[in-house]
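Below you'll find the structure, written out as structure tokens, and then a few comments.
The values are calculated or read from the model by the stated rules, or taken from the named source; none is laboratory data. The model shown is predicted, which means the values in this text are computed figures rather than measured ones. So basically every Cβ, Gly included, is an ideal-geometry build from the backbone, and we count neighbours across all protein chains shown.
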Amino acid sequence: MENDGGKALYKETYRQAREQFAASSAERMAGLSGAVFDPAAKEIRIVYLNRAYTLSYPEARISSLQDAAELPIDEQSLILQYLAQASGVPISGRWISFAELPHGMLHHQPFVSEAIEPLARAFGVQPEKLLMTARSLGGEELGVGDAGVRIPVFPRIPMAVILWVADEEFPARANIIFDASAPGYLSTAALYVLGIAVSKHLQKLAA
């Protein structure tokens, strides 16, 4: 359960993200992020975790095209930040760990505790379930670890989850890695939140 300080931080991040979104060109954001802008409807359409969303421009109201479910405020902020900060840099195809992101080493251990270790606990004895749940998020199998999946979180931010099952010597282990181009779309702080969000989605689907 989040404390009041955490909630206040999310609200402030959301406020800043909305301001940045509203101050940016809709055409430019869509072009650089892999989204689509409909000038007649004044909407940006984007896919996030295999679900399509529309954002009114410049108001930044986010709606799912599949159902009426509302995204948590931290994930709404991520969508707004992704659009407003997109650089258009191509996906590199080279994977890096959270610690290799700019200043990522400073927050690596909390990221492991909040995002990675829960995945090892959830899927450590059932790696096939990781493959199944990842497919619900648009994921595809990677030939790494005992189970590995590539998830297209945003059009230009793929993320991968790798799992090693427990054996006689070691407990189950996991890792979350990012395409090296990810800092061209989100800050390390935002990628921290994104990694936790993806981890929670996978755990929820597996429950």
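Looking only at the range 143-161, how many residues end up being within 27 Å of Leu83 (Cα to Cα) and in a strand (DSSP E or B)?
11
Does the range 48-67 hold any residues that are of a type in the set (A, V, I, L, M) and closer than 22 Å to Arg15 by Cα, and which are they?
Residues of the range 48-67 that are of a type in the set (A, V, I, L, M), as a first pass: 49, 52, 55, 60, 62, 65.
Matches in the range 48-67: Leu55, Ala60, Ile62.
Could you please find all residues in the range 162-183 being part of a loop (DSSP other than H, G, I, E, B) and more than 19 Å from His107 (Cβ to Cβ)? Talk me through it step by step, then tell me what you get.
Our first condition is that a residue be part of a loop (DSSP other than H, G, I, E, B); within the range 162-183, this holds for 165-172, 180-181.
Listed by number, the residues that qualify are Val165, Ala166, Asp167, Glu168, Glu169, Phe170, Pro171, Ala172, Ser181.
Six or more apart or on different chains, Cβ atoms under 8 Å: show the pairs whose first residue is in the range 9-22 and in the same structural domain as Ser77 (by TED's automatic domain parsing) and whose second is surrounded by fewer than 18 Cβ atoms within 10 Å (Cβ to Cβ).
Close Cβ pairs (under 8 Å, with a partner that is surrounded by fewer than 18 Cβ atoms within 10 Å (Cβ to Cβ)) amount to Tyr10/Glu2; Tyr10/Ile73; Lys11/Ile73; Tyr14/Ile73; Phe21/Pro58; Ala22/Pro58; Ala22/Glu59.
Collect the residues in the range 150-164 that are of a type in the set (Val, Ile, Thr) and under 15 Å from Ile96 (Cα atoms), keeping them in residue-number order. It would help to see each step written out before you state the result.
To start, the set of residues in the range 150-164 that are of a type in the set (Val, Ile, Thr) comprises 151, 153, 157, 161-162.
Across the range 150-164, the qualifying residues are Ile151, Ile157, Val161, Ile162.
Considering only residues of the range 119-137 that are buried (at least 17 other Cβ atoms within 10 Å of the Cβ) and under 16 Å from the mean Cα position of the chain (by Cα), which is nearest to Val165 (Cα to Cα)?
The selected residue is Leu119.
Is it fair to say Gln20 is out of contact with any strand residue (DSSP E or B) (no Cβ under 9 Å at 6 or more places or on another chain) and closer than 20 Å to Ala197 by Cα?
Values: out of contact with any strand residue (DSSP E or B) (no Cβ under 9 Å at 6 or more places or on another chain): yes; closer than 20 Å to Ala197 by Cα: no.
For Gln20, the condition - out of contact with any strand residue (DSSP E or B) (no Cβ under 9 Å at 6 or more places or on another chain) and closer than 20 Å to Ala197 by Cα - is not met.
Looking at this structure, is Ala69 over 15 Å from Leu194 (Cα atoms), outside the structural domain of Ser187 (by TED's automatic domain parsing), part of a loop (DSSP other than H, G, I, E, B) and at pLDDT below 95?
Details: over 15 Å from Leu194 (Cα atoms): yes; outside the structural domain of Ser187 (by TED's automatic domain parsing): yes; part of a loop (DSSP other than H, G, I, E, B): yes; at pLDDT below 95: yes.
Spelling it out, Ala69 is indeed over 15 Å from Leu194 (Cα atoms), outside the structural domain of Ser187 (by TED's automatic domain parsing), part of a loop (DSSP other than H, G, I, E, B) and at pLDDT below 95.
Among the candidates Leu186, Leu119, Leu191, Leu130, which residue alone is part of a loop (DSSP other than H, G, I, E, B), modelled with pLDDT of 95 or more and closer than 21 Å to Arg51 by Cβ?
Details: Leu119 fails: part of a loop (DSSP other than H, G, I, E, B); Leu191 fails: part of a loop (DSSP other than H, G, I, E, B); Leu130 fails: part of a loop (DSSP other than H, G, I, E, B).
That would be Leu186, the only listed residue that is part of a loop (DSSP other than H, G, I, E, B), modelled with pLDDT of 95 or more and closer than 21 Å to Arg51 by Cβ.
If I filter the range 81-94 for residues that are aliphatic (A, V, I, L, M), modelled with pLDDT of 95 or more, closer than 18 Å to Glu27 by Cβ and assigned to a helix (DSSP H, G or I), do I get at least one hit?
yes
Determine if the range 160-183 includes at least one residue that is within 24 Å of Val89 (Cα to Cα), under 19 Å from the mean Cα position of the chain (by Cα) and surrounded by fewer than 17 Cβ atoms within 10 Å (Cβ to Cβ).
Yes - at least one qualifying residue is present in the range 160-183.
So if I check each of Ala35, Ala52, which one is surrounded by 17 or more Cβ atoms within 10 Å (Cβ to Cβ) and under 24 Å from Asp179 (Cα atoms)?
Ala35
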